[in-house]
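Student: After the structure tokens below, expect a handful of questions from me.
The values are calculated or read from the model by the stated rules, or taken from the named source; none is laboratory data. As the structure is a prediction and not an experimental result, all values here were calculated from the model. Note that each Cβ is placed from the backbone with ideal geometry, even for glycine, and that neighbours are counted across all protein chains shown.
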Amino acid sequence: MTSDSELQHEIADFLSRPGNLPGAATDVERVETHISIIFLAGDRAWKLKRARTFPYLDFSTLENRRKACDAEVSLNRRTAPDIYLGVVAVTRKPRGGFEVGGSGDPVDWMVEMRRFDQSTLFDKLATENRLDRPLMEELAEAIAEFHAKAEVYTDRGGRAGVQAVADSNAECFIRDGKGIFEDCLVADLDTRTRAAVDRVGDVLDKRRADGRVRHCHGDLHLRNIFLHDGRPTLFDAIEFSEDFSIIDVLYDLAFLLMDLDHRGHRRLANLAFNRYMAVTGDVGGLACLPLFLSLRAAVRAHVGAAAANTQSDKAQSALQADEARRYLEAALAYLDPLPPRAVAVGGLSGSGKSRLAREIAPYIGVAPGAFIARSDAIRKRLAGTSLSEKLDQSGYTPEMTQRTYETVYADMATALEAGHAAIADAVFAKPEQRTAVEAVARERHVPFDGIWLESDRSTMATRIDERQDRVSDATPSVLDRQLTYELGEISWHRVDSSGTREATLQAGLAVLGVNLSGTPPTGSDD
């Protein structure tokens, strides 16, 4: 009797020949992963799930593959409804052979998708250095919106759910890692991962109780994001295991951050991270982020090992094995603690404080760099508006300003207590505001640096008029009012920001004792 695996070889050969897929008389391009074979023909893509089992999935039976195809279409229509068209059977002809969508008995199932421009996949954009700040911030907002709408689960995730991921990773390393990874490194990762789960277990359970565990994407790396009608769009969410998709929202985001960081794009990772935080205010999960990043890197490591083991081309297998080892190294590195530090960047509107905070953040602290508590974004979150919506005068009352600064201090404190570096970005025109933010660091025994940016009125007004970031509502008239403030004694490091962006960044990093050439983050500027 022919096994499902042997039958799939016949089916794949049939689907690879021109004319056998509906509406596709041209050549068929075939793309293979360790769990799927994708056939690209005409304006369609067809995904056949391999008849395989792993600790985290079971596609061994025809019925399991059909259910997985149904789930894939349903889940991915949440974010890409125009792409996921349906589920189609591969059927057997009465006199032998196969056809797609015929009247005979199904012998396998496929997901039918509308093809899109592969050059817009974010992994390709990253390789070509075509990702920039607007794209990353738009992507982060799309992810935040997706998470906000996702179904909440209070009986999944938490400490137990994360421990299950760690257990699965350990099992996969044993199964697929022999001959690829050093046993001592795998054992070290397992020990340190379990210790990290113990450290943040209570935080994980609280997040679950607070509704932070939702039906997420589950596989949110760069290759599963593309531009659709010019907008970042998520696709190829995990359908085969709810254990991997009903997860903490920050664990979902962590795959994107890890993928960017692993590719040498820590600046882009930090931009996405801080935009997501600005929209959601989810600072309470920062204690879990190093563990989440490590788990994501570990997943990529053992998946890469599995791919290397199934790769028939020896040279390609060796490359995949090398990449898998790099991911294992990253998984270990994310669990190396770095002491937190606090920075405050102040100055009048147009002085460049938000830009400086944004550009120094990737250089400070654990991956993906410092958390930024930005007063402009916090004010709008407190007002219940989007970051791009302009506030009226009710958003700028003394009471609202006080609430905004108190939230800046509170968010900064939360980040520092979680072991994360934090930057406060606000005008800080009043001496008591500067004293208060310094106290946040001092009370937590964390090093503090204050940076005060200053420039001439003309330069600041021009920057306000030309800025593309609409989070700030400042205008030149607002600047003129600020210029009348009694600032009091400023003990922070004064930096002349009237020169180039690069000169200001160099000066800011010099204050912090960071060498710009040491760890250059990549990614296009805005």
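Student: Within the group Arg95, Arg194, which residue is out of contact with any Leu (no Cβ under 6 Å at 6 or more places or on another chain), without any contact (Cβ under 8 Å) to a residue 40 or more places away in the chain, in the same structural domain as Phe273 (by TED's automatic domain parsing) and of a type outside the set (S, T, N, Q)?
Tutor: Result: Arg194 is the single residue among Arg95, Arg194 that is out of contact with any Leu (no Cβ under 6 Å at 6 or more places or on another chain), without any contact (Cβ under 8 Å) to a residue 40 or more places away in the chain, in the same structural domain as Phe273 (by TED's automatic domain parsing) and of a type outside the set (S, T, N, Q).
Student: Hey, among the residues in the stretch 438-460 that are over 34 Å from the mean Cα position of the chain (by Cα), without any contact (Cβ under 8 Å) to a residue 60 or more places away in the chain and assigned to a helix (DSSP H, G or I), which one's surrounded by the fewest Cβ atoms within 10 Å (Cβ to Cβ)?
Tutor: Ser458
Student: Sticking with this one: Write out, first by first residue and then by second, each pair whose Cβ atoms fall under 8 Å of each other, whose residues are 6+ apart or on separate chains, and whose first residue, in the stretch 473-485, is in the same structural domain as Ser386 (by TED's automatic domain parsing) and more than 16 Å from Ser375 (Cβ to Cβ) while the second is of a type in the set (A, V, I, L, M) and not in a loop (DSSP other than H, G, I, E, B).
Tutor: The qualifying pairs are Thr475/Ile464; Pro476/Ala461; Pro476/Ile464.
Student: Among the residues of the stretch 313-341, which ones are hydrophobic (A, V, I, L, M, F, W, C) and more than 15 Å from Ala196 (Cβ to Cβ)?
Tutor: Ala315, Ala318, Leu319, Ala321, Ala324, Leu328
Student: Can you pull out every residue in the stretch 488-512 that is assigned to a loop (DSSP other than H, G, I, E, B) and touching a strand residue (DSSP E or B) at 6+ places or on another chain (Cβ under 9 Å)?
Tutor: Selection gives Ile490, Ser491, Trp492, Ser497, Ser498.
Student: Still on this structure, I have one more. Specify which of the listed residues (Arg434, Arg463) is among the basic types (Lys, Arg), in contact with a Phe, Trp or Tyr (Cβ under 7 Å, 6 or more places away or on another chain) and part of a helix (DSSP H, G or I).
Tutor: Arg434
Student: Could you tell me which of the residues Thr397, Thr407 is assigned by TED's automatic domain parsing to the domain that holds Thr475, buried (at least 18 other Cβ atoms within 10 Å of the Cβ), at pLDDT 95 or above and of a type in the set (S, T, N, Q)?
Tutor: Checking each option against the conditions leaves just Thr407.
Student: Whether any residue in the stretch 145-167 is in contact with a Pro (Cβ under 9 Å, 6 or more places away or on another chain), within 29 Å of Ala278 (Cα to Cα), in the same structural domain as Phe244 (by TED's automatic domain parsing) and in a helix (DSSP H, G or I) is what I want to check.
Tutor: no
Student: How many residues, within the stretch 155-178, are modelled with pLDDT under 95, surrounded by fewer than 19 Cβ atoms within 10 Å (Cβ to Cβ) and polar (S, T, N, Q)?
Tutor: Here the count works out to 0.
Student: State which residue is surrounded by the fewest Cβ atoms within 10 Å (Cβ to Cβ) when the search covers only the stretch 60-76 and only residues that are polar (S, T, N, Q) and touching a strand residue (DSSP E or B) at 6+ places or on another chain (Cβ under 8 Å).
Tutor: Only one residue fits best here, namely Ser60.
Student: Next up: What is the residue count in the stretch 216-245 for residues that are under 18 Å from Ala68 (Cα atoms), under 16 Å from the mean Cα position of the chain (by Cα) and not hydroxyl-bearing (Ser, Thr, Tyr)?
Tutor: Within the stretch 216-245, residues that are under 18 Å from Ala68 (Cα atoms), under 16 Å from the mean Cα position of the chain (by Cα) and not hydroxyl-bearing (Ser, Thr, Tyr) number 10.
Student: Also: Mind checking whether some residue in the stretch 299-318 is touching a Cys at 6+ places or on another chain (Cβ under 6 Å) and either over 30 Å from Ala439 (Cα atoms) or buried (at least 24 other Cβ atoms within 10 Å of the Cβ) (or both)?
Tutor: Taking every residue of the stretch 299-318 in turn, at least one turns out to be touching a Cys at 6+ places or on another chain (Cβ under 6 Å) and either over 30 Å from Ala439 (Cα atoms) or buried (at least 24 other Cβ atoms within 10 Å of the Cβ) (or both).
Student: Another question about this same structure. Which numbered condition in (1) in a helix (DSSP H, G or I); (2) in contact with a Lys or Arg (Cβ under 7 Å, 6 or more places away or on another chain) is the only one that Lys380 fails?
Tutor: (2)
Student: Of all residues in the stretch 54-86 being in contact with a helix residue (DSSP H, G or I) (Cβ under 9 Å, 6 or more places away or on another chain) and polar (S, T, N, Q), which is nearest to Arg175 (Cα to Cα)?
Tutor: Among those that are in contact with a helix residue (DSSP H, G or I) (Cβ under 9 Å, 6 or more places away or on another chain) and polar (S, T, N, Q), it is Ser60.
Student: When you go through Ala278, Ala254, Ala298 one by one, which is the residue that is touching a helix residue (DSSP H, G or I) at 6+ places or on another chain (Cβ under 9 Å), over 26 Å from Thr385 (Cα atoms) and of a type in the set (A, V, I, L, M, F, W, C)?
Tutor: Ala298
Student: Does any residue in the stretch 33-49 that is under 14 Å from Val87 (Cα atoms) and in contact (Cβ under 8 Å) with a residue 60 or more places away in the chain come within less than 6 Å, Cβ to Cβ, of a residue that is of a type in the set (S, T, N, Q) and in a strand (DSSP E or B) six or more places away or on a different chain, and which pairs are these?
Tutor: Going by the 6 Å Cβ cut-off, the qualifying pairs are Lys47/Ser36; Lys49/Ser36.
Student: So, one more: Hey, can you tell me all the residues within the stretch 322-357 that are buried (at least 22 other Cβ atoms within 10 Å of the Cβ), more than 23 Å from the chain's Cα centre (by Cα) and in a helix (DSSP H, G or I)?
Tutor: Within the stretch 322-357, Lys353 is the sole residue that qualifies.
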